[in-house]
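The values are calculated or read from the model by the stated rules, or taken from the named source; none is laboratory data. Every value quoted in this text rests on a predicted model; they were computed, and no experiment measured them. Here the Cβ is made from the backbone with ideal geometry for all residues, glycine too, and neighbour counts use every protein chain on show.
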Ligand code: HEM
């Protein structure tokens, strides 16, 4: 008992609601960003979703709690509870042979084996394809006046993922694999809710899809074993071996490449969508960025792009304000202490990139888009964590930063983007704009103007 003004140490503050923690979680999923803000401002750093004997869901806010959660895997484990499907099927093995769901020694070993595919020099090799595919998409826009930027960014990051992961050149094959994987991931929620294998059910369809994809990736693995000079991610994973000669099995290779595709393309597409949106609504910053890009426009190379301070600041600031992974979750392996309270075993503990990135003690004018701030501030991995931190930190962060810089430079020099007047712009938990991102596009004429928009974005950004 005690230590917290008479509150028992197990009684973490939090909202009471007639429907209990489920009703609170419903509010969280319905309005995740506003709800988290309200929790933090009303109850403080640690908030329980249900009052009573035992909280099952807890929210933890701020750098110190982020550090405790992300650096103590013996207490705060990866949770597999969200993926509910039989493990012993082709699809189950594809989902569970996945870095994000692995723990302990197994996770360490697989991460070691996968790391070479994401070394700086290796990621540089992917830049040519990133430039080429972005230029190709911008050519496709030539006769268009309006696009859904989010859909277009998904198309682009999907093409980049399939090309860099599997080394596919053939356009048709590239699109086919992309569509296969997207169809499977789209059905994941329905599949998790009802994993029953009867004809015409989503689970049955997803299983069939998984079987075909599995056969396809298997034949690509065989090909990589023969092609010694291939430089794509799958080729690098096929070659990877530990000091004792351990290599990844075919099933592990299939699971990892499948997961890399899922983990990489939507996050990067959403981040690009918001960055272009934020720039289009901040004409002065866009002007300065284009001035910076002008200096290298005749020789657009990755080497030059990586030395541009404002471009770096723009990407970092966009990921601070609207991080594509706005919350993360771990589950307690045993009862433990967090923020002065005792948290029971098997509690889901959410940490929040979104709230941490908006703390006024860490960032002046936290709700404003100020890319220049990054030339004078440095933040610890627990104060700025769009790619998370600790052992499960994003393995593809260097890949994503490089991809974003290339795509932004190519597209912004060629086109001016202007949001459709009064469009409804509202991000969800994964920072997907739920009603899309309708943009009018013009050849770049530097006639920037801010446009009035509706939606929850107005509560999230001080324009
Ligand atoms: C802007 C783009 C991206 C963002 C914001 C992002 C964010 C994240 C975050 C927050 C995590 C850790 C989740 C946790 O701690 O539970 C993560 C993990 C991961 N990401 Fe990314 N990611 C991005 C792009 C990519 C790309 C391009 C790739 C691969 C090409 C990738 C591959 C992965 C993998 C494999 C993991 C699991 C790592 C592990 O568990 O050890 N991500 N990402």
Test result for residue 269, away from the ligand (no atom under 16 Å from the Cβ), in contact (Cβ under 8 Å) with a residue 60 or more places away in the chain and within 26 Å of residue 159 (Cα to Cα): no
Enumeration of residues in region 367-387 that are surrounded by fewer than 20 Cβ atoms within 10 Å (Cβ to Cβ) and within 15 Å of the ligand (Cβ to nearest atom): 381
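Would you check which residues across region 73-108 are part of a helix (DSSP H, G or I), touching a residue at least 40 places away in the same chain (Cβ under 8 Å) and within 30 Å of residue 337 (Cβ to Cβ) and list them?
Taking region 73-108 as the starting set, the residues that turn out to be part of a helix (DSSP H, G or I) are 90-96, 99-101, 104-108.
Those left that are additionally touching a residue at least 40 places away in the same chain (Cβ under 8 Å): 90-91, 93-96, 99-100, 107-108.
Passing the criteria: 99, 100, 107, 108.
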Hits in region 441-463 - residues which are surrounded by 17 or more Cβ atoms within 10 Å (Cβ to Cβ), within 30 Å of residue 295 (Cβ to Cβ) and out of contact with any strand residue (DSSP E or B) (no Cβ under 6 Å at 6 or more places or on another chain): 448, 461
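Might you let me know whether region 396-418 holds any residue that is in a loop (DSSP other than H, G, I, E, B) and within 30 Å of residue 453 (Cβ to Cβ)? Outline the logic, then answer.
Initially, region 396-418 is screened for residues in a loop (DSSP other than H, G, I, E, B), giving 396.
When the remaining residues are screened for being within 30 Å of residue 453 (Cβ to Cβ), the result is none.
There is no residue in region 396-418 that is in a loop (DSSP other than H, G, I, E, B) and within 30 Å of residue 453 (Cβ to Cβ).
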Count of region 388-426 residues which are within 13 Å of the ligand (Cβ to nearest atom) and at negative phi: 19
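Does any residue of region 402-410 turn out to be farther than 30 Å from residue 138 by Cβ and either modelled with pLDDT under 95 or surrounded by fewer than 22 Cβ atoms within 10 Å (Cβ to Cβ) (or both)? Show your work before the answer.
From region 402-410, those farther than 30 Å from residue 138 by Cβ are none; that's our starting set.
Checked against the condition, which is being farther than 30 Å from residue 138 by Cβ and either modelled with pLDDT under 95 or surrounded by fewer than 22 Cβ atoms within 10 Å (Cβ to Cβ) (or both), region 402-410 yields no hits at all.
Pick from 313, 390: which is touching a residue at least 24 places away in the same chain (Cβ under 8 Å), surrounded by 16 or more Cβ atoms within 10 Å (Cβ to Cβ), over 21 Å from residue 275 (Cβ atoms) and under 25 Å from the mean Cα position of the chain (by Cα)? Reasoning before the result, please.
On the way: 313 fails: over 21 Å from residue 275 (Cβ atoms).
The match here is 390.
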Wholly within region 125-189, helices (runs of 4 or more DSSP H) carrying at least 3 residues that are modelled with pLDDT of 95 or more: 127-140, 149-166
Residue satisfying condition, being surrounded by fewer than 22 Cβ atoms within 10 Å (Cβ to Cβ), away from the ligand (no atom under 16 Å from the Cβ), farther than 30 Å from residue 420 by Cβ and free of Cβ contacts under 8 Å to residues at least 24 places away in the same chain, within set 218, 205: 205
From the options 285, 254, 276, residue that is crowded, with 20+ Cβ neighbours inside 10 Å and touching a strand residue (DSSP E or B) at 6+ places or on another chain (Cβ under 6 Å): 276
Counted residues, region 27-40 - those being assigned to a helix (DSSP H, G or I) and either touching a strand residue (DSSP E or B) at 6+ places or on another chain (Cβ under 8 Å) or more than 12 Å from residue 15 (Cβ to Cβ) (or both): 9
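Examine region 433-440 for a residue that is on the phi > 0 side of the Ramachandran plot, surrounded by 13 or more Cβ atoms within 10 Å (Cβ to Cβ), under 20 Å from the mean Cα position of the chain (by Cα) and more than 12 Å from the ligand (Cβ to nearest atom), and state whether such a residue exists.
If we filter region 433-440 for residues that are on the phi > 0 side of the Ramachandran plot, which is where we start, we get 436.
Now drop any that are not surrounded by 13 or more Cβ atoms within 10 Å (Cβ to Cβ), which leaves 436.
Narrowing further to those that are under 20 Å from the mean Cα position of the chain (by Cα): 436.
Those left that are additionally more than 12 Å from the ligand (Cβ to nearest atom): 436.
Looking for residues that are on the phi > 0 side of the Ramachandran plot, surrounded by 13 or more Cβ atoms within 10 Å (Cβ to Cβ), under 20 Å from the mean Cα position of the chain (by Cα) and more than 12 Å from the ligand (Cβ to nearest atom), one finds at least one in region 433-440, hence yes.
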